Amino acid sequence: MSGHVFHPGHDDLHGITVVLETANGRTVIGRWHERVEKGVVLHDAATNEPGAQQTRDDFVARSLKFGVKPEHRTLVVSDEIVSVRKLAEL
Amino acid sequence: MAYPDLMTRPMREEVTRLGIQELKTTAEVDAVMGEGEGTVLVFVNSVCGCAAGGARPALTLALQHGVKPGKVVSVFAGVDGEATQRARSFFSDYQPSSPSLALLKDGEVVHFVHRHMIEGKHPQQIAAELTAAFDKYC
């Protein structure tokens with residue numbers, strides 16, 4: 001790496017685009033910033049709600065191919081999270 | 001937010017020393033990309049240490065490959081805003097992210113590397129994926 005890192009000291013997922021599945025069926029994709037007391041803070045995040053016209057699989061597939069549509073500059077996911085995966089590994 | 005030149009200059013130089021043309025204005029973008037002919041690799045540079053810190057060395061490695069795009073250019077997201085926006089208009093089906101790389105052939109995007117495909121990877125891995133695309137399309 002070139003060493004131009006300006007925000008050291010965060011956890012391993014900091015700066016990584018993740019797919020969060022919540023207990024209520026919501027899927028959230030965004031760039032992990034940090035975990036705080038209220039939940040997980042994501043940047044440039046997009047959400048897919050249960051029952052949405054776009055299925056969860058399409059939502060993830062489209063994000064993989066065309067990138068994440070940043071619906072929320074910053075989003076705190078406070079729902080119960082049942083899985084965390086890296087988007088690039090799906 | 002404008003980043004100070006003192007911060008961004010090393011990141012620019014890491015790219016320009018490879019012989020990559022940095023595009024700072026919309027006119028410069030149009031002059032290179034408006035032709036819509038041949039292969040062009042566009043590197044969207046970024047101040048993000050997490051991803052760009054891997055992308056720039058990957059670009060260095062990839063450009064040592066025998067097969068390369070006809071032109072390689074860069075724009076700097078968050079620094080040269082208008083030029084970056086104009087460059088992105090040539091691959092507008094793809095959500096903006098930085099760093100990212102777009103490989104165009106005759107004006108069409110044939111390969112796109114999003115930020116999420118760079119994050120957490122070693123430069124060698126990113127470079128290998130890029131050179132595979134060079135072999136396929138260039």
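Each principal axis of the protein assembly as shown carries a Cα extent, and these read 50, 38, 31 Å when sorted largest first. What would the Debye formula give as log10 I(q)/I(0) at q = 0.10, 0.17 Å⁻¹ for the alpha-carbon point model of chain B, no solvent? Values, matching the q order: -0.27, -0.85. Helix A:56-66 and the longest principal axis of the Cα set of chain A meet at an angle near 50°.
Equivalent ellipsoid semi-axes for chain A, as square roots of 5 times the alpha carbon gyration tensor eigenvalues: give them largest first, rounded to whole Å.
Details: eigenvalues 102, 50, 23 Å².
Sorted largest first and rounded, they come to 23, 16, 11 Å.
Annotation: the residues A:Ile81, A:Ile29, sorted from fewest to most other C-beta atoms within 10 Å of their own C-beta, follow the order A:Ile81, A:Ile29.
How compact is the stretch B:1-69 by the rule of thumb for globular proteins, expressed as Cα Rg over 2.2 N^0.38 Å?
Details: Rg = 13.2 Å, N = 69, 2.2 N^0.38 = 11.0 Å.
It is 1.20.
Rounded to the nearest 20, the size of the Cβ-charge dipole of the stretch B:5-137 about its Cα centre is 340 debye, with Lys and Arg at +1 and Asp and Glu at -1. Peptide B:91-98 is shielded by partner chain Cβ atoms: per residue, an average of 3 of them sit within 10 Å of its Cβ. Between A:Asn24 and B:Glu37, the simple spin-label model (points 7 angstrom out along Cα→Cβ) gives 5.7 nm.
How much mean residue ellipticity at 222 nm does chain A get from its helices, if each DSSP H run of length 4 or more adds -39500 (n - 2.57) and you divide by all residues, to the nearest 500 deg cm²/dmol?
-3500 deg cm²/dmol
Computed extension gain for B:Ala132 through B:Arg9, at 0.36 nm per residue and net of the alpha carbon distance, reaches 41.3 nm. Secondary-structure-derived ellipticity at 222 nm for chain B, considering helices only, amounts to -12500 deg cm²/dmol, per-run term -39500 (n - 2.57) for DSSP H runs with n ≥ 4. With each label modelled as a point 7 angstrom along the Cα→C-beta vector, the A:Val82-A:Ala61 pair spans 2.2 nm. The lysines within cross-link reach of B:Lys121, meaning a Cα-to-Cα straight distance under 27 Å and a gap of 8 or more places when in the same chain, are A:Lys65, A:Lys69, A:Lys86, B:Lys68, B:Lys71, B:Lys105, B:Lys136. Each part gets one Cα centre, and for the stretch B:101-137 versus the stretch B:2-69 those centres are 13 Å apart.
When only Cα pairs below 8 angstrom with a gap of at least 6 residues are kept, the stretch B:5-137 shows a relative contact order of 33 percent.
Evaluated with a Cβ-only charge set (Lys, Arg +1; Asp, Glu -1), the stretch B:84-129 carries a dipole of roughly 160 debye about its Cα centre, given to the nearest 20.
FRET efficiency for the pair B:Val110 and B:Ala2, taken as 1/(1 + (r/R0)^6) with r the Cβ-Cβ distance and R0 = 41 Å, rounds to 0.75. With contacts taken as Cα pairs under 8 Å and at least 6 residues apart, chain A reaches a relative contact order of 33 percent.
No value in this document is a laboratory result; all are computed from the given coordinates. Model, not experiment: these values are computed from the prediction. Every residue, glycine as well, gets a Cβ built from its backbone with ideal geometry; the counts of neighbours run over all protein chains shown.
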